[in-house]
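One structure is given here, and the rest of the page talks about it.
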Amino acid sequence: MTVRVGQGFDVHPWSDDPGRRLVLGGVVLDGERGLAGHSDADVVAHAVADALLGAAGLGDIGAHFPDTDSRWRGADSLTLLAEVMRLVRAEGWSVANIDATVILEAPRLAPHKGAMEERLKEVVGAPVSVKAKRAEGLGALGRGEGVACFAVALLER
Ligand SMILES: [Zn+2]
């Protein structure tokens with residue numbers, strides 16, 4: 001068996017648009033300020049997608065889903081992630097596991113982590129763990145200006 005590892009990173013600033021929803025790992029966090037971005041700005045799904053593409057040697061989501069393409073405006077990022085999985089599976093890969101760390105000051109993710117892990121697991125067909133971490137006041141993330149996510153994916157075939 002061959003295994004390949006990939007890592008992904010993404011960051012989005014908070015949006016000033018009161019109509020935008022906060023979507024993290026495919027879960028809508030009701031009543032929270034949304035993130036700015038071309039799609040639904042699901043920073044967790046994007047980091048996971050980049051980790052998968054990187055592991056498979058298939059480039060990055062910017063190449064597959066350019067923000068100049070109106071098809072992806074406001075797109076559900078789990079749909080993008082499902083498309084990434086289609087590309088990854090077409091190369092004969094399956095996912096062993098995914099581990100993600102979300103960096104944000106607020107809101108607290110603990111009540112939503114389980115649902116995020118379930119939604120992501122449904123799409124990638126493997127265990128996903130989601131962890132949350134504060135930036136301890138350091139830099140833009142520490143000032144609560146947005147949300148970032150790191151993800152690692154392990155593929156096998
Ligand atoms: Zn993104």
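The values are calculated or read from the model by the stated rules, or taken from the named source; none is laboratory data. Computed from a predicted structure; not experimentally measured. Please note: Cβ atoms are built from the backbone with ideal geometry, for glycine as well, and neighbour counts cover all protein chains shown. The area values use the complete protein model at the heavy-atom level, side chains included, leaving out ligands, DNA and RNA. Shrake-Rupley method; radii C 1.70, N 1.55, O 1.52, S 1.80 Å.
Some observations on this one:
- Set side by side, the residues HIS12, HIS46 differ, and just one is assigned to a helix (DSSP H, G or I), within 11 Å of the ligand (Cβ to nearest atom) and touching a residue at least 40 places away in the same chain (Cβ under 8 Å), which is HIS46.
- Residue match in segment 110-118 (condition: open to solvent by 70 Å² or more (accessible area, probe 1.4 Å), without any contact (Cβ under 8 Å) to a residue 12 or more places away in the chain and either hydroxyl-bearing (Ser, Thr, Tyr) or not in a helix (DSSP H, G or I) (or both)): yes
- Residue-level check: of (1) crowded, with 22+ Cβ neighbours inside 10 Å; (2) within 16 Å of PHE9 (Cα to Cα); (3) away from the ligand (no atom under 15 Å from the Cβ), ILE61 misses just (3).
- Checking every residue in segment 76-90 against the condition of being within 15 Å of the ligand (Cβ to nearest atom) and farther than 22 Å from GLU122 by Cβ gives zero matches.
- Sole exception among (1) hydrophobic (A, V, I, L, M, F, W, C); (2) open to solvent by 40 Å² or more (accessible area, probe 1.4 Å); (3) modelled with pLDDT under 95 for ALA140, by number: (3)
- Residue within segment 76-94 that is open to solvent by 10 Å² or more (accessible area, probe 1.4 Å), outside any helix (DSSP H, G or I) and among the aliphatic types (A, V, I, L, M) present: no
- Among the residues of segment 3-37, those identified as surrounded by 16 or more Cβ atoms within 10 Å (Cβ to Cβ) and closer than 16 Å to ASP67 by Cβ are ASP10, VAL11, HIS12, SER15, ARG20, LEU35, GLY37.
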